[in-house]
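Everything below concerns the one structure shown next.
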Protein chains: 2
Amino acid sequence: MQNGDGNAAPGAPRAAAPADDALEDALVAALGDALVTRSAAIEPRYFTAYNEPAGVRPRALVRPASVDDVSRTLALCTRLGQPVVPQGGLTGLARGAVALGGEVVLSMERLAGIEALDRAAGTITVRAGTPLQAVQDAADAAGFTFGVDLGARGSCQIGGMLATNAGGTRAIRYGMMREQVLGLEAVLADGTIVSSMNRMLKNNAGYDLKQLFIGSEGTLGVITRAVLRLHPKLAAPATALCRVRDYDAVAALWNRMRALPEIVSFEAMWPSFYEYVARHTPDVVAPFAGDGGFAVLIECATSAPGGDARHALETALAAAFDAGVVDDAALATSERQARELWTLREGLAIDALPHLINYDVSLPTGELGAFAERCEAALRASWPDIVCVFFGHVGDGNVHIGVSLAGMRDADADAIDRCVYATVRDMGGSVSAEHGIGALKRAYLAHTRSEAEIDLMRRVKAALDPAGILNPGKVL
Amino acid sequence: MQNGDGNAAPGAPRAAAPADDALEDALVAALGDALVTRSAAIEPRYFTAYNEPAGVRPRALVRPASVDDVSRTLALCTRLGQPVVPQGGLTGLARGAVALGGEVVLSMERLAGIEALDRAAGTITVRAGTPLQAVQDAADAAGFTFGVDLGARGSCQIGGMLATNAGGTRAIRYGMMREQVLGLEAVLADGTIVSSMNRMLKNNAGYDLKQLFIGSEGTLGVITRAVLRLHPKLAAPATALCRVRDYDAVAALWNRMRALPEIVSFEAMWPSFYEYVARHTPDVVAPFAGDGGFAVLIECATSAPGGDARHALETALAAAFDAGVVDDAALATSERQARELWTLREGLAIDALPHLINYDVSLPTGELGAFAERCEAALRASWPDIVCVFFGHVGDGNVHIGVSLAGMRDADADAIDRCVYATVRDMGGSVSAEHGIGALKRAYLAHTRSEAEIDLMRRVKAALDPAGILNPGKVL
C-alpha cells in the first residue's frame, strides 16, 4: 500500500513541524550525532515491517541508549510538534510501528539488555529493546520459564510486545504479556519519565498506571523498562496431534483438556488449513491424511519435580478417545517430531498462497466453529473461488484466518476485509485478538468497540498526549 | 476517628452542592422515592464499615436497580456538583466506601444478580452488587471454580472487589480480581455508560479501558457489570500446616512449593502470630506448640480427572523434610481439620488485642523476613511493650501486620503508622498490597508511588472526572 521515499500515504498525519533540514539539525543539536540518523541515511529495515514491502521513509531516526535519551527526544518533539513512531522489532503485523508519513522513528534497539534477575522473587528486569529470545534464555538459565512464546521470538522486542500486549501459544497457561508485568517504566509525550518498577505480585497503592501503556501501541507513552514475572521451569513438554471429527468435538476436547494443570497449548487447524500445510510443508511428514477432519495440537508440561506431563496427556487422550471425542492421536516421541507438529501449525507454507491476507480475530471458544462456517460462506458468496484457511489458539478464542484469491485486486482486498470484519462484528467478536489495531485495522475499531468506548479512549489520549505526537494514525 | 451524624470530618471534601433539603428534593424529583433515601432515614449500616465505628451520615442514599439508574444519578450529581461515594459490601478495610462528609452514598446492593453463565466459554456475567459467595456458588454448581476467595465472601460485592482489585488466598494460583475480568461496564461521572462486556480471553482492539476502573476505588467511574473468567473445578483440596525454623526456610519452602501445579495457597504465620492464635482460638487445637517457629499453611488442589493433590503435597513435603526445610508437618485428614487450620491463619483471635491496628503491605517474598525484623525493631525502639504479629499470603509477597499497644493514644497510632510505612518505603515495598488506599492510607501513597506517578494519576482523574465528584478524598 505504501512504498518509496518520503511520500506521505493518503490520510497520514500532517504535523506543524519544522522543515526537513531544520528538524534534522534540531535533533542533532539537542541529542547528538550518535543518536540521530538523518532521513536520507536511514536503512530500509527501519521502514520495512515483517512480511511487508518497504514503507514510508521517516523524517529522521533516533536510537536512544538510555531512558534519559528517550525523555529528551520526546520533550523536544513535543516542543516541535513533531510526530514520533516508537519502534520495536517490526514483527507486530498491524502496521503499528512504521511511519505513515512525516514522523520521526524512535527505534528502541539500543535500549536493550537484562538489568537484573531475582531468583528469590522470580522476576526479571529488562530494557524495552531486549528480544524475547534473550529473556527466555536468561529465564531458562536461571531455572525459570518465561510465560509468553511466539514465532517471532528472535526478532520481537519486549517493549513492542508490551505495547501490543502480545499473546502467542501459551496464553491459556500464563496469559498474555499484560499478565507477565509487575512493573513498568514509560516516558510520556512531554518527556516525563513515569517509573513504576514494582516488583511485587500484589500492589494496590493507587492507580495501576502500567495498564495505560500495555496494549496502547505506543500512542500514550514509550515503554522503556519492565519488571516481568518468571514461572517455575517447565520440564520437556509432551506434544500430541489429534484428529478430531468436527468443531463441536474440538470444543469438547478443549473442555476436557483445560482441566489439566499441565496444559500449555491447545491449537486447532481447520480441515482446509491442515490439508494445505500437510501437503506443502517441506521435510515434514504429517501424521494423518488431510481427509476432512480437524487437527488439534496439544502441548502439556509441568514444573513439578518428578511430574509426568506425558502420562497426564496420554491418560486424558485415552479418555477422550473412549468418549468418542478424538478419532486418532499421534504423540511425538522426540523433540524433532514435536518440532514438526509445531511447524505444521505455524503454517508458514500458506504464505505461498497468492495474495494472502491474514486476519487475527477472537470469539468465545464455543462460537469459533460457527464463526468460521459463516465467514467462509459469506466470502464464497461473493468470490466462489476464494481460499480460506482457519487455524489458531482456539483455547483462548483466538483464530487466525488466511484468505487467498487468485488475481485479487485492491478493491477485492478491501471488500474481503469488510466481509470478514462484518461477520466478526455481527457475532460480537474482536477484530484484533493479539496483534493490535495499528494502522491496518483502524477503520474497523468501531466493529468491536462502541462509540462511548472510543470516546473514552480519545479522552485518555488527549490527557496523556495533548499534542498528539505519539504514533498518530495508529489505533484511533 | 469519625462518628456522629452529619458532622464532616476534618479535611473532608466540601462541594458547591445545594443545601440539604434542596439536594434531597432534587434527587427524589429526578430519581423517585423508590431509589432515594433522605439523610435522616439512612440506616447506620450505610455509614458503618466492617470493624469500624459508625462514620459520617451521608447527605442522601441512592440505591439504583439498573445501570440506567446509576447513569441518571451520576449525571444529576455532576450537574449539582454533588460528591458521590460508590458503596459495595463495606468490607474493604481502607475506609474507601464510606462518606467523609457531604457525600451522597450510591449503594450497589440492589444492582445484584448473575445474568449469564456460559459453560462452553467458562465465563459468568454478574452485576456489581452480587456477593462473592453467590458467584462462587454459581460457578461451583456449573462445574467451575471462581479464582478469588477471601474471608468476607458472604458480604463483599463483586463491584467493590473489582474497584479495589481484591486479592485473597488464591492469588498465587489465579491472580487477583484484575486477572478474572474479561469484560466490564462502568458509568463515568457525567453519566456516560461505557460498556466493554468483552467475553474473550484475547482482545487487543484498542485501549483496555476496563483497567482504568479496576483498582481505582470508585474514583474514575462506577462499575456496574462484569464478565468474569471461571476456572475448571477443583476437587477437594489437601491442606497441611508445616512447622518451619525461620523465614529463610519459609522462603526455601515457597521456592519448592511454587513449582507444584496443584498449589492454591501458601500462607505463613510468624512465631508471635502463631503462638497467639494457637492459644486464643476457641475450639481449635493447634497441631504444634508455639515454640518460636514459623507455621506455614499450604493448600493444594487439582482440576485434573483422577488427579491426586494430596499425593503431590505429601511427596513435596517429604522431600522438603528430607532437605531440612520443614521440621514437622500436619496434613489435615478431614474437611473439619482443614477448616481449623484456616481458622488459625485467619486469626480473628487477634482482634481481641487492645487497640489493634492492621496493616496490609507487600514486598518481594524473599525480603519479607528482613522486613518483619526491621519493622518490629523500629517499633520496639519507641514502644518497648508493643505487640507485633505478622501473617499473610507470603507466596505473593503480601503480609498483614497486627500492632497492639496497651493504652495507645491517637498520637501513638499516628506515629506507629509513620514507623511501619517508613520501613515499607525504605525497603521499596507497597503500603497497600490488596486493600487499596481509600481514605485510610491516602497520606502514605507517596511512600510507594513517585511524584511523577501521582501527577499522572491526577491527570487521569481530571480527564475522567473533571468536577471531582467521584469518591473525593479517597486514593488521591
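The table below gives the values:
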read-out	value
Residue tally, condition surrounded by 14 or more Cβ atoms within 10 Å (Cβ to Cβ) and away from every other protein chain (no Cβ under 11 Å), over the range B:314-327	6
Residue within the range A:321-328 that is among the charged types (D, E, K, R) and assigned to a helix (DSSP H, G or I) present	yes
The range B:147-171 - residue that is hydrophobic (A, V, I, L, M, F, W, C) and crowded, with 24+ Cβ neighbours inside 10 Å and, of those, nearest to the other protein chains (Cβ to nearest Cβ)	B:Ala171
Test: residue in the range A:445-453 that is open to solvent by 20 Å² or more (accessible area, probe 1.4 Å) and in contact (Cβ under 8 Å) with a residue 24 or more places away in the chain	yes
Residue check, B:Pro53 at pLDDT below 95 and either of a type outside the set (Val, Ile, Thr) or farther than 21 Å from B:Ala467 by Cβ (or both)	yes
Output for the range A:344-368, where each listed residue is open to solvent by 10 Å² or more (accessible area, probe 1.4 Å) and either of a type in the set (A, V, I, L, M, F, W, C) or without any contact (Cβ under 8 Å) to a residue 24 or more places away in the chain (or both)	A:Leu348, A:Ala349, A:Ala352, A:Leu353, A:Leu356, A:Ile357
For B:Arg336: the one exception among (1) modelled with pLDDT under 95; (2) closer than 24 Å to B:Ile350 by Cα	(1)
Count of residues meeting criterion [at negative phi, of a type in the set (Gly, Ala, Ser) and open to solvent by less than 10 Å² (accessible area, probe 1.4 Å)] in the range A:416-437	4
Residues of the range A:126-146 satisfying the condition of being open to solvent by 30 Å² or more (accessible area, probe 1.4 Å), out of contact with any strand residue (DSSP E or B) (no Cβ under 7 Å at 6 or more places or on another chain) and either at the interface with chain B (Cβ under 10 Å from one of its Cβ atoms) or within 26 Å of B:Gln211 (Cα to Cα) (or both)	A:Gly143
Evaluation of A:Ile298 against (1) of a type outside the set (Ser, Thr, Tyr); (2) over 21 Å from A:Leu150 (Cα atoms); (3) free of Cβ contacts under 8 Å to residues at least 60 places away in the same chain (one fails), failing number	(2)
The lone exception for B:Val399 - which of (1) of a type outside the set (D, E, K, R); (2) crowded, with 21+ Cβ neighbours inside 10 Å; (3) without any contact (Cβ under 8 Å) to a residue 24 or more places away in the chain it fails	(3)
Which numbered condition A:Gly436 misses (of (1) more than 8 Å from chain B (Cβ to nearest Cβ); (2) among the small types (Gly, Ala, Ser); (3) touching a Lys or Arg at 6+ places or on another chain (Cβ under 9 Å))	(1)
Residue match in the range A:444-458 (condition: out of contact with any Leu (no Cβ under 8 Å at 6 or more places or on another chain), at the interface with chain B (Cβ under 8 Å from one of its Cβ atoms), more than 29 Å from B:Lys461 (Cα to Cα) and part of a loop (DSSP other than H, G, I, E, B))	no
Single residue of the range A:176-218 satisfying the filter (more than 7 Å from chain B (Cβ to nearest Cβ) and in contact with an Asp or Glu (Cβ under 7 Å, 6 or more places away or on another chain)) that is farthest from A:Arg79 (Cα to Cα)	A:Met197
Candidate set: the range A:374-389, residues that are without any contact (Cβ under 8 Å) to a residue 12 or more places away in the chain and of a type outside the set (Lys, Arg); chosen: the one surrounded by the fewest Cβ atoms within 10 Å (Cβ to Cβ)	A:Pro384
All strands (runs of 3 or more DSSP E) inside the range A:53-167 with 3 or more residues being closer than 29 Å to A:Ala30 by Cβ and out of contact with any Asp or Glu (no Cβ under 8 Å at 6 or more places or on another chain)	A:104-107
Index of the failed condition, B:Lys441 passing every other in (1) more than 10 Å from every other protein chain (Cβ to nearest Cβ); (2) surrounded by 15 or more Cβ atoms within 10 Å (Cβ to Cβ); (3) farther than 25 Å from A:Asp118 by Cβ	(1)
Which numbered condition A:Ile42 misses (of (1) touching a strand residue (DSSP E or B) at 6+ places or on another chain (Cβ under 7 Å); (2) at pLDDT below 60)	(2)
Among the residues listed as A:Val56, A:Val84, A:Val98, A:Val70, the single one being under 26 Å from A:Ala166 (Cβ atoms) and touching a Cys at 6+ places or on another chain (Cβ under 8 Å)	A:Val84
Residues of the range A:413-443 satisfying the condition of being basic (Lys, Arg) and either outside any helix (DSSP H, G or I) or touching a residue at least 40 places away in the same chain (Cβ under 8 Å) (or both)	A:Lys441
Filter result for the condition that a residue is touching a residue at least 60 places away in the same chain (Cβ under 8 Å), among the hydrophobic types (A, V, I, L, M, F, W, C) and open to solvent by 20 Å² or more (accessible area, probe 1.4 Å), over A:Ala467, A:Ala406	A:Ala467
Failed condition for A:Gly392, given (1) more than 8 Å from chain B (Cβ to nearest Cβ); (2) open to solvent by 10 Å² or more (accessible area, probe 1.4 Å); (3) on the phi > 0 side of the Ramachandran plot	(2)
Condition check for A:Gly183: within 19 Å of B:Asp208 (Cα to Cα), at pLDDT 95 or above, surrounded by fewer than 24 Cβ atoms within 10 Å (Cβ to Cβ) and over 12 Å from the mean Cα position of the chain (by Cα)	yes
First in the range A:22-37 and over 10 Å from A:Asp69 (Cβ atoms), second anywhere and basic (Lys, Arg) and open to solvent by 30 Å² or more (accessible area, probe 1.4 Å), Cβ under 7 Å, 6 or more apart	A:Leu23/A:Arg59; A:Glu24/A:Arg38; A:Ala30/A:Arg72
A:Ser303 vs. criteria outside any helix (DSSP H, G or I), in contact (Cβ under 8 Å) with a residue 12 or more places away in the chain and open to solvent by less than 10 Å² (accessible area, probe 1.4 Å)	no
Candidate set: the range A:222-236, residues that are at the interface with chain B (Cβ under 9 Å from one of its Cβ atoms) and touching a strand residue (DSSP E or B) at 6+ places or on another chain (Cβ under 6 Å); chosen: the one farthest from B:Met457 (Cα to Cα)	A:Lys233
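The values are calculated or read from the model by the stated rules, or taken from the named source; none is laboratory data. Bear in mind that the values here come from a model prediction, so they are computed numbers and not experimental data. Note that each Cβ is placed from the backbone with ideal geometry, even for glycine, and that neighbours are counted across all protein chains shown. Please note that ligands, DNA and RNA were not included when accessible areas were found on the heavy atoms of the full protein model with its side chains. Shrake-Rupley method; radii C 1.70, N 1.55, O 1.52, S 1.80 Å.
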